[in-house]
Each structure stands twice: as structure tokens, then as C-alpha cells.
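The values are calculated or read from the model by the stated rules, or taken from the named source; none is laboratory data. Not measured: the values here are computed from a predicted model. Neighbour counts run over all protein chains shown; Cβ positions are idealised from the backbone, glycine included. Side chains are part of the model used for accessible areas, which takes the heavy atoms of the whole protein and leaves out ligands, DNA and RNA. Shrake-Rupley method; radii C 1.70, N 1.55, O 1.52, S 1.80 Å.
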Amino acid sequence: MNVSHLLPTLPARRAPAAPPPEVAPAPSAAPKQRDAFFDNAKYLAIVLVAMGHAWEPLRGGSRAASALYMTVYTFHMPAFILISGYFSRNFDLRPDRLKRLITGVAVPYVLFEVAYTFFKRWADDDPSYPVSLLDPWYLTWFLIALFVWRLTTPLWRIARWPVALALTVAALAACSPNIGDDLDLQRVLQFLPFFVLGLHMRPEHFRMMRRREVRWLSVPVVAAAAVFAYWAVPRMNPAWFYRRDSAQELGAPWWVGTVMTFALFGCSMVLTVCFLAWVPRRRMWFTVLGAGTLYGYLLHGFLAKGSRFWDWYDHPWLHRPLGEIAVTAVAVAVVTALCAPPVQRAFRFAMEPRMEWAFRRRDG
């Protein structure tokens, strides 16, 4: 590590023969450690994603499952995207960062989009399903969205009112049915405000969320949200939470898209704060899994879709309370296993390929 910027300005008198210990380079200095809070938050958020996918087929016969589903879908992806934005704060168009964007986002998008397509052809007995890199299937939308968001990061860093501008873009998208499905632009644009907000957050903002009063206040807030969701189940289309369609495509007037954009943003942020308030700050047994959340996210999609293709949810017992609890436990166990270091090592070739052969070496 270059420590020249830490060296004090030398006075006119003769300098000491050796640098003092506090500025001397430490040959055995440890690399920068990961923040346990954010790794915990990412792991818990991805667990909620897997739980939501597991609950989806249970909604038809259980209002309680539908209410939990709606509550979790209000904030699980916004929380994950907010954290993604926070860790993209320093992204610029430097060659090394562009390389990481390509190898860590674009390449996995291509590989998993193709893998998902062939999986659907086989598991769903649909051999003619087309391979299309312009129409993300299932979970790969997040990778293409992250690619676009990070490329536009320099623009959001210089905008005067970035969050307000991003919300305006999201509201316009929500009432524009002609955007189409290419690159899942509806989701890219409608989820954009959470990423932009994350870009402009600072460590002290997260410390404020973890204050004791915020933590205890979050309990009645989440309880009220769950009760409201239970009331809203027969009255509201859950597709609003997916943010993949315009208001007109959901059978509502165009202006409802604008109203829902701001309303859902507010609800999502309140529940995101409640979620982050209870994330542990110290290292836990699952902290190490926070580095593998993208592995768990993409790999669990095969089982989530396979469970539908292979009619696993046709068993009546799964639609009873004990069955719903069992489904939830299995989802948590599966996504936890898929975030583990052995899985990361096995699939690093697809998720984090080195690809030095694909880039020109920088001179000097």
C-alpha cells in the first residue's frame, strides 16, 4: 500500500535516519477487512429473496403467506440494491474498474442467461425457447440492471438533485408502456432510485439506522406493515412490487404509475431502515456468506424454477401451515449452502473469471 500521503512534511532540520514507527511501512500489514455489518445485511437480504421465491406458489391458498410475501417484496430487493449502490460510490471509468465490471457483472450475465435458457428448455420441456441476451430471463435482470447503473454512476455523482431526478425517471417509466422488454428496462429504471440513494449514503447514515430507538420503533412499524399487507392481499396486485410493468400494463390509468412510484419508494425505504436496524454489527456464523450472495442469488434460481417445472408444490401438505414452514426452512438452507465458500470456489470461473487474456496490458 502506498503510504507516501501519510508522511508528515519534514522540517528544515535534518531528518531522522529511519522513519518513525507510526509511518514506517509494515511489511506484514493485513489487507483491508470486510465490514461485518454489510456482509450480514447482504446475506439476510438474499435469504429473504429466496424465501419470497419459495412462498410465491403458496399464495393462492394462504392469505397469510400472501401477506408475508407482499411485506418482504416491499423491501428485500430495494435493500440489496441500496447496498449495491453504496459499494459503487467510487466507481468510475478507470480501466481496472471497467474490467471488474465486465468480468464480475457482464460475463456472469451472459453465462447465466444462456444457462437459464437451456435449463428451461430441458426442465420445462420447451426446446424452442430462444436464447436472447436482450430479454433477461428470471433473475438475470439484476445483473444487467447493475451493469447499467454502474456505468451511469459518474452522472449521478455530479447531478445536483440525484435522488429526485432518479425518482422522476422511475415515475416516467412507470407510466410509459412503450418502453418494451429489452434489457428489462422497466426494472432498470423503476429500481434506479434505490441505487442512486445508495451512491450518496455515507457510513454515518447506516450508524443512525442502527440506533436503539430506531431498532425498537421498527418493531411496531413492521407489524403494522404486515397487517396492512394482510388487508391489501385481495385488493392489490402484487406485480406492482416487481416493477417490471407500466401502470397501463397492470390495468391502471397512467397517473397511478406516478403515484405508486413515490408511494412504494417511501414504503420500501421505511421497511429497509427497519430491516437494517436489526442487522447484527458484529461477526456472526453467517458473516462469511455475505461475500457469496450473488452466487446464492443466481444458483438458487435453478431450484426455484425447477420446483415449478417439476410440480413440487402439487403436494397438498405443502399448503398447510407446517408445510409452509418446511418450505421456508428448505429455502433458507438451500440459499445458505449456495453462498458458502466451497460453492464460491467451484463457480468462481463463471462469477469472477480472471480473463486476463481478453484485455490489453497497460504500459508501465
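Sparse packing (at most 10 other Cβ atoms within 10 Å of the Cβ) combined with a DSSP loop state is found for the following trypsin sites (Lys or Arg not before Pro) in segment 210-254: 235.
Axis of helix 293-309 versus longest Cα principal axis of the chain: the two differ by about 20°, to the nearest ten degrees.
Only Lys, Arg, Asp and Glu carry charge here, each on its Cβ (+1 for the first two, -1 for the last two); on that basis segment 188-265 has a dipole of about 420 debye about its Cα centre. Residue 125 sits with roughly 130 Å² accessible to a 1.4 Å probe, with DNA, RNA and ligands left out of the calculation.
Axis of helix 341-351 versus longest Cα principal axis of the chain: the two differ by about 90°, to the nearest ten degrees.
Highest mean first, the peptides 330-339, 308-317 sorted by other C-beta atoms within 10 Å per residue fall in the order 330-339, 308-317. I want the local charge near residue 178. Using Cβ-Cβ distances under 14 Å, sum +1 for each Lys or Arg and -1 for each Asp or Glu among the other residues. My count for the surroundings of residue 178 gives -4. About its Cα centre, the dipole of segment 115-227 is roughly 940 debye, where the only charges are +1 on Lys and Arg Cβ and -1 on Asp and Glu Cβ.
Cα axis of helix 107-123 to longest principal axis of the chain: angle in degrees, 0 to 90, nearest 10? With rounding to tens, the tilt is 20 degrees. Over all Cα atoms in the chain, the spread is summed up by Rg and Dmax: 22.9, 86 Å.
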